[in-house]
There are 2 protein chains.
Amino acid sequence: MSNVKPVNLAEKLSLFSDTWAPRIVGSFNDNDLMLVKVEGAFDWHSHPETGDFFMVVTGKLDIELRDDTVTLGPGELYVVPAGVEHRPVARPVAAILLIEPSGTPNTGDPTTAVTKTRI
Amino acid sequence: MSNVKPVNLAEKLSLFSDTWAPRIVGSFNDNDLMLVKVEGAFDWHSHPETGDFFMVVTGKLDIELRDDTVTLGPGELYVVPAGVEHRPVARPVAAILLIEPSGTPNTGDPTTAVTKTRI
C-alpha cells in the first residue's frame, strides 16, 4: 500500500472550474507546477526574466505572438522565451499545465497578478 | 500560417525506441525538457541538489522509494525531492516527460550518466 500519491492532472482539474486562476499542484526546484483553465483571450504580456512553460491537457490553446501564433492541443507544449510578448487565447475552455519560477506574476506585472492558490 | 510549432510529445516519441536514453525536446529557464522511454528497473540513485520531475505520457511507471512506491499512469506526475533515493521501474515500456536542471546527471553521478541528445 503506497502512501505517496502522484499528482493526477484530471483529478486536480475536477476540483475547480473558474478560469485564469492558476492552482499550484506541486513544486520543482523553486518552480511552481500549476493547472489553470482558460477561456477567451488573456492580456498581452511578457516575463522579462523567465521562460513560460505551457502544456495543454485538454482543449486547444493559441499562444499569440506579435508576429505568429502557436497552436497547442493535448500532449503539446511550448515555452515562450523570456521577454517575448504573448497572449494566450482559448475558445472554448482549455486546461493547461504551467510551470513558472515561484513568485512569477501571471500577467508579467506584480500589481495586476492573481494570487495562486495550492490545491 | 504559423512558423512556430509546439513540441508534440507523441511525434517526438515516434522518433526513437531505445530505452533509458533521454532526448532533449526543449528548454525552460536552464532546465532541460526531456522525453525518455523506460523499461525494467533503473539503478537506485538520488540527486543531492535537485528535484526530479516525472510525468507519464504512456504506460505505467513505479518510482520506488526506500520505504514506499509511487505509481504513475498517463497524465500523472511526481517530483522526487532532492536527496531522496529512488529507482524508476516500468514493466513493460513507458514513456516519460522529465524536467531537470541542464547538466543534471541522470544517474546522480557524472561518471556514469548518459549523454542527452536533442531531437
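Bear in mind these aren't lab numbers, they're just calculated from the coordinates by the rules spelled out. Keep in mind it's a predicted model, so treat the numbers as computed, not measured. Glycine also receives a Cβ, built like all others from the backbone with ideal geometry; neighbour counts cover every protein chain displayed.
Quick notes
- GluC sites (Glu not before Pro) restricted to DSSP loop in the range A:1-49 with at most 15 other C-beta within 10 Å: A:E49
- Shown in residue order for the range B:102-119 are the 3J(HN,Hα) couplings computed by the Karplus curve 6.51 cos²θ - 1.76 cosθ + 1.60 at θ = phi - 60°: 3, x, 5, x, 5, 8, x, 9, x, 6, 10, 6, 7, 7, 9, 9, 9, 10 Hz (x for Gly and Pro).
- Taken over the C-alpha atoms, chain A has Rg and Dmax values of 13.9, 52 angstrom.
- Long pairs among A:K60/B:K60; A:K116/B:K116; B:K12/B:K60; A:K5/B:K37; A:K37/B:K12, criterion Cα-Cα beyond 28 Å: A:K116/B:K116
- Farthest toward positive dipole pole in the range B:25-119 [+1 Lys/Arg, -1 Asp/Glu at C-beta], among B:V25, B:T111, B:T50: B:V25
- C-alpha center-to-center spacing [the range A:36-70, the range B:49-79] in angstrom: 27 Å
- Computed over the range B:15-62, Kirkwood Rh from alpha-carbon pairs, angstrom: 12.5 Å
- Whole-angstrom Cα spans of the protein assembly as shown along principal axes, big to small: 46, 37, 29
- Here the simple spin-label model places points 7 Å from the Cα toward Cβ, and for B:L15 and B:D109 these points are separated by 3.1 nm.
- Fewest-first ranking of B:F28, A:F16, using other Cβ atoms within 10 Å as the exposure measure: A:F16, B:F28
- In loop segments of the range B:53-119 as defined by DSSP, the GluC sites (Glu not before Pro) with at most 14 further C-beta atoms inside 10 Å of their C-beta are B:E85.
- Here the translational diffusion coefficient of the range A:58-102 follows from Stokes-Einstein with Rh set to the Kirkwood radius across Cα pairs; for 37 °C and 0.692 mPa s it amounts to 292 µm²/s.
- Exposure proxy ranking, count of Cβ atoms within 10 Å, fewest first, for A:T117, B:T111, B:T19: B:T111, A:T117, B:T19
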